[in-house]
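Everything on this sheet refers to the single structure shown next.
The values are calculated or read from the model by the stated rules, or taken from the named source; none is laboratory data. Given the structure is predicted, the values throughout are model-derived calculations rather than measurements. All Cβ positions, glycine included, derive from the backbone under ideal geometry; neighbour counts span all protein chains shown.
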Ligand code: C2E
Ligand code: CA
Ligand code: CA
Ligand code: CA
């Protein structure tokens, strides 16, 4: 009888984790351990000039090297961290570490590169976010103008009034705002007028089937046109082939990011890429 009670309790307990599978729950437990053990690290993917292929900046992408599971994808662990709040800790660490790394990249390359950092919805809405940003800037000694913060349309739409305030404060620090995965959200274009946005990142979904897909071509052209009229920069994400590169470059897309011009890489590999003679 005692055993049955135990089981019943277990059943009552489970629905709390409605949205997480059992696998996710064990992953969640492992994440707290991983923070303590320093298993999270950062990789950097080059963002290049589509015409010259010179590296203009990097996007910071988080990695988790689990001792037995191996590399766990951020597509898997970021949503869990977003649910349990660990993203605030991880995100603050990533922003600061990325700024310190940027300083080192700039010194190695002897030119003003920029760093693009993903900011999750929960991190963006956290009371401490601006303090975290200020701390990262002052600790690293980078200039705010060399920082790009990537947020999604969804992040802006949760509470547009609050978003407007935060974006204004970011602009005071001269950090730029990029809309990540542009075109995949459900929001209207009105926010492009309302918020001080500098960069649109065209989602890989619109690049993948280029140049064959006429529809994707039409969408990319429309985004480039819109960006031109609003004086925004465009980064094409997920460029994997020379044909995609040529397509976007021919249509005036200034920046590309993708496996063709560089996968996410460890900092020392990035420094080697930066100091190769043809980038100088
Ligand atoms: P994202 O911000 O859209 O990042 C771009 C993703 O596309 C990265 O996946 C990158 O490795 C991948 N990618 C880049 N070029 C190519 C390409 O040519 N082909 C293909 N197939 N993929 C390409 P990754 O690193 O697995 O990250 C997945 C997502 O996890 C990111 O999507 C972002 O939403 C999230 N994420 C990663 N790091 C962080 C972080 O530090 N903070 C937050 N909040 N989210 C992060
Ligand atoms: Ca991103
Ligand atoms: Ca993206
Ligand atoms: Ca994406």
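Against the list (1) closer than 19 Å to residue 62 by Cβ; (2) within 16 Å of ligand 3 (Cβ to nearest atom), the condition residue 197 fails is (1). Within the range 10-18, is there a residue that is surrounded by 10 or more Cβ atoms within 10 Å (Cβ to Cβ), in a helix (DSSP H, G or I), touching a helix residue (DSSP H, G or I) at 6+ places or on another chain (Cβ under 8 Å) and modelled with pLDDT of 50 or more? Among the residues of the range 10-18, not one is surrounded by 10 or more Cβ atoms within 10 Å (Cβ to Cβ), in a helix (DSSP H, G or I), touching a helix residue (DSSP H, G or I) at 6+ places or on another chain (Cβ under 8 Å) and modelled with pLDDT of 50 or more, which makes the answer no. Being touching a strand residue (DSSP E or B) at 6+ places or on another chain (Cβ under 6 Å), assigned to a helix (DSSP H, G or I) and crowded, with 20+ Cβ neighbours inside 10 Å holds for only one residue in 81, 98, 136, and it is 98.
Might you check whether a residue that is in contact (Cβ under 8 Å) with a residue 24 or more places away in the chain and assigned to a helix (DSSP H, G or I) occurs anywhere in the range 63-77? Yes, that holds for at least one residue.
Only residues that are touching a helix residue (DSSP H, G or I) at 6+ places or on another chain (Cβ under 9 Å) and closer than 27 Å to residue 193 by Cα: list them for the range 228-249, please. The answer is 230, 232, 233, 234, 236, 237, 238, 248. Take the residues in the range 255-278 that are without any contact (Cβ under 8 Å) to a residue 24 or more places away in the chain and either closer than 21 Å to residue 117 by Cβ or part of a loop (DSSP other than H, G, I, E, B) (or both), then tell me which one is farthest from ligand 2 (Cβ to nearest atom). My answer is 276. Number of residues in the range 233-254 that are away from ligand 4 (no atom under 16 Å from the Cβ) and either outside any loop (DSSP other than H, G, I, E, B) or surrounded by fewer than 19 Cβ atoms within 10 Å (Cβ to Cβ) (or both): the value is 14. In the range 143-166, of all residues being buried (at least 20 other Cβ atoms within 10 Å of the Cβ) and away from ligand 3 (no atom under 16 Å from the Cβ), the one that is farthest from residue 194 (Cα to Cα) corresponds to 146. You will find that of 200, 156, the residue that is in a strand (DSSP E or B) and either within 21 Å of residue 88 (Cα to Cα) or in contact (Cβ under 8 Å) with a residue 24 or more places away in the chain (or both) is 200 and no other.
Kindly indicate whether residue 224 is over 22 Å from residue 115 (Cβ atoms), surrounded by 14 or more Cβ atoms within 10 Å (Cβ to Cβ) and within 13 Å of ligand 1 (Cβ to nearest atom). For residue 224, the condition - over 22 Å from residue 115 (Cβ atoms), surrounded by 14 or more Cβ atoms within 10 Å (Cβ to Cβ) and within 13 Å of ligand 1 (Cβ to nearest atom) - is not met. Of all residues in the range 101-123, those satisfying the criterion of being in contact (Cβ under 8 Å) with a residue 40 or more places away in the chain, outside any loop (DSSP other than H, G, I, E, B) and more than 16 Å from ligand 4 (Cβ to nearest atom) are 101, 102, 104, 105, 106, 108, 109, 114, 115, 122. Of the set (1) within 22 Å of residue 57 (Cα to Cα); (2) within 16 Å of ligand 2 (Cβ to nearest atom); (3) in contact with a helix residue (DSSP H, G or I) (Cβ under 6 Å, 6 or more places away or on another chain), all apply to residue 185 but (1).
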